[in-house]
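A.B. asks: Submitted below is the structure of interest, expressed as structure tokens.
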Amino acid sequence: MPQAVATVVEGTRDGTGSAVSDVNAGRAGTAPSQGSDFAPLLRAVKGQGLLDRRTGWYAVGIAANLVALGAVLTGMFLLGNTWWTLLLALPLAIFWSRTAFVGHDAGHAQISGDRKASRAIGLVHANLLLGMNEAWWNDKHVRHHANPNHIDKDPDVGVGALVWTQKQAAQREGFARWLTRNQARLFFPMLLLEGIALKISGFRYLRQQPARERALSALLLVAHLGLYATLLLTVMSPGKAVVFALVHHALFGLHLGMAFAPNHKGMEMPDPDGDRWGHLQRQVLTSRNVRGGIFTDWFLGGLNYQIEHHLFPSMPRPHLRLAQPMVRAHCEAIGMPYMETGLIESYQQALRHMHEVGAPLR
């Protein structure tokens, strides 16, 4: 057994475990209560240096992604006003997703411990390069991390185009009722609209931001739209530009949706009226890991280590796979379920849950 894993198991078996956890214990530099189930795991992870930032790794990754984006744009100019340029919507969507993953990591302070630096990275990658308001995303995502799959507190399982419990489904009427009845089969087609929906949500959120912050966010969002439109209309005719934009955003939304869908859908949902779960229980039982190799790590932006990411939000992406054996050993030692499955099976489980939610309406 690796030394780090042995340390976790030993710490768990020596009587330090309890049902009480600290919701913020996974953040770097935060100490949970010493009697926590999470405490020995946190000590072991910190002891291995897995909460130390990897600024150089991110710098290389960001530079490589910017070069890739530049190469795609160059290809668009070289191909010019032809339908063949439409083929470049796919790589552009993929590298946009890579850009979104960087913005996500910056929002969790994985790249830098400096708040201003993290926000600057987020503003450039989200607002300017993607046209997605980083303030909206961070607000929504922080609430999700604090209470994943909690029907009253997690915005990701609130009532929207899709619903996540049969109680929510029972309240649907009209077109929404039909949508819920068929939401499992419509899920992936609906992801094709997510790229545009992200932009709309970001602009709507501007009204909730402080004036100074709103001005900067709005400036970058408008700059993105201007640069994006200028690029397409410089390269292509208006008709081809519109088709390219629609295909590009559809593929971008699909890729992001495929990265986020396996993480929590179909996993445990805390009872709002039941006992309050501790940090370890709240994050592990509601999350699902996706096994795979280098391609899976790359395609899902490290979010396939969803359990480790939720336990340690500030842990740099390359360290998540190193922490996984330690987390799994700790969960096994205290008898806590640890869900890990293949990529295809993760989608099947998520779709099965959505199908079951809509069952009473069929």
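The values are calculated or read from the model by the stated rules, or taken from the named source; none is laboratory data. Being a predicted model, the structure only gives us computed values, none of them experimental. A quick note on method: Cβ atoms are made from the backbone with ideal geometry, for glycine too, and the neighbour counts reach across all protein chains shown. Each accessible area value is taken on the protein alone, full model and side chains, heavy atoms only, with ligands, DNA and RNA left out. Shrake-Rupley method; radii C 1.70, N 1.55, O 1.52, S 1.80 Å.
A.B. asks: What do you reckon, how do PHE187, PHE175 stack up by accessible area (1.4 Å probe), largest on top?
C.D. replies: Sorted by accessible area, descending: PHE175, PHE187.
A.B. asks: Take the alpha-carbon centre of the range 106-126, take the same for the range 128-202, and report the distance between them in whole Å.
C.D. replies: So the two Cα centres are separated by 25 Å.
A.B. asks: Return P(r) of the chain (all Cα-Cα pairs; 10 Å bins starting at 0; whole %; ordered from short to long distances).
C.D. replies: Result returned by the calculation: 5, 22, 31, 26, 12, 3, 0.
A.B. asks: Mind checking the dipole of the chain: about its Cα centre, +1 per Lys or Arg Cβ, -1 per Asp or Glu Cβ, Debye to the nearest 20?
C.D. replies: 800 debye
A.B. asks: Next question, about the same structure. Say each of TRP178 and GLU356 gets a label point 7 Å from the Cα, pointing the same way as Cα to Cβ; how far apart are those two points in nm?
C.D. replies: 2.8 nm
A.B. asks: Additional query: When all alpha-carbon pairs of the range 243-314 are counted, what percent fall beyond 16 Å?
C.D. replies: 58 percent
A.B. asks: Is the range 117-254 best put as rounded, prolate or oblate by its Cα gyration tensor, with a ≥ b ≥ c the root eigenvalues, rounded for a/c under 1.5, and otherwise prolate when a/b is larger than b/c, oblate when not?
C.D. replies: Judged from the Cα gyration tensor, the range 117-254 comes out oblate (a/c at least 1.5, b/c at or above a/b).
A.B. asks: Hey, what number do you get for the chain at 222 nm if only DSSP H runs of n ≥ 4 count, each worth -39500 (n - 2.57), divided across all residues, to the nearest 500?
C.D. replies: The per-residue figure over the chain is -19000 deg cm²/dmol.
A.B. asks: Any idea how far apart LEU90 and LEU246 come out in nm if each label point goes 7 Å out from Cα toward Cβ?
C.D. replies: 2.0 nm
A.B. asks: When only the heavy atoms of the protein chains count and the probe is 1.4 Å, how do ARG54, ARG98 rank by accessible area, highest first?
C.D. replies: If we order ARG54, ARG98 from most to least accessible, we get ARG54, ARG98.
A.B. asks: Okay, next question. Keeping all protein chains in position, work out how much accessible area LYS153 exposes to a 1.4 Å probe, and write it in Å² to the nearest 10.
C.D. replies: Accessible area of LYS153: about 90 Å².
A.B. asks: Could I ask something else about it? Accessible area per residue of the chain at 1.4 Å probe, in Å²?
C.D. replies: Result: 46 Å² per residue.
A.B. asks: Mind checking which of ALA120, THR165, GLY202 is farthest towards the positive end of the range 118-210's charge dipole, using Cβ charges of +1 (Lys, Arg) and -1 (Asp, Glu) about the Cα centre?
C.D. replies: Checked the options; the winner is THR165.
A.B. asks: While we're here: Once the Cβ-Cβ distance between ALA215 and ARG291 is put in as r, and R0 is 51 Å, what FRET efficiency do you end up with, to the nearest 0.05?
C.D. replies: Computed FRET efficiency for ALA215 and ARG291: 0.70.
A.B. asks: Grab the beta carbon distance between GLU332 and THR234, set R0 = 45 Å, and tell me the FRET efficiency rounded to 0.05.
C.D. replies: 0.20
A.B. asks: Return the FRET efficiency for the residue pair TRP57, LYS140: r is the Cβ-Cβ distance, R0 is 30 Å, and the value is rounded to the nearest 0.05.
C.D. replies: 0.65
A.B. asks: Moving on. Which order do GLU356, GLU134 take when ranked by solvent-accessible area (1.4 Å probe, heavy atoms of all protein chains), largest first?
C.D. replies: Result, largest first: GLU356, GLU134.
A.B. asks: Enumerate the calculated ³J(HN,Hα) couplings along the range 154-170 in order (Karplus 6.51 cos²θ - 1.76 cosθ + 1.60, θ = phi - 60°), each rounded to whole Hz, writing x wherever the residue is Gly or Pro.
C.D. replies: 9, x, 6, 10, x, 6, x, 4, 10, 10, 10, 9, 5, 5, 5, 5, 5
A.B. asks: With the dipole of the chain worked out from charges on the C-beta (+1 for Lys and Arg, -1 for Asp and Glu) around the Cα centre, which of GLY278, MET76, VAL290 lies farthest toward the positive end?
C.D. replies: MET76
A.B. asks: Suppose every K and R has +1 on its Cβ and every D and E has -1 on its Cβ; what is the size of the dipole of the range 136-229 about the Cα centre, in Debye to the nearest 20?
C.D. replies: Charge dipole of the range 136-229: 180 debye, to the nearest 20.
A.B. asks: Sticking with this structure for a sec: Taking the 0 to 90 degree range and rounding to the nearest ten, how far is the long axis of helix 134-146 tilted relative to the main principal axis of the chain, both from C-alpha atoms?
C.D. replies: 20 degrees
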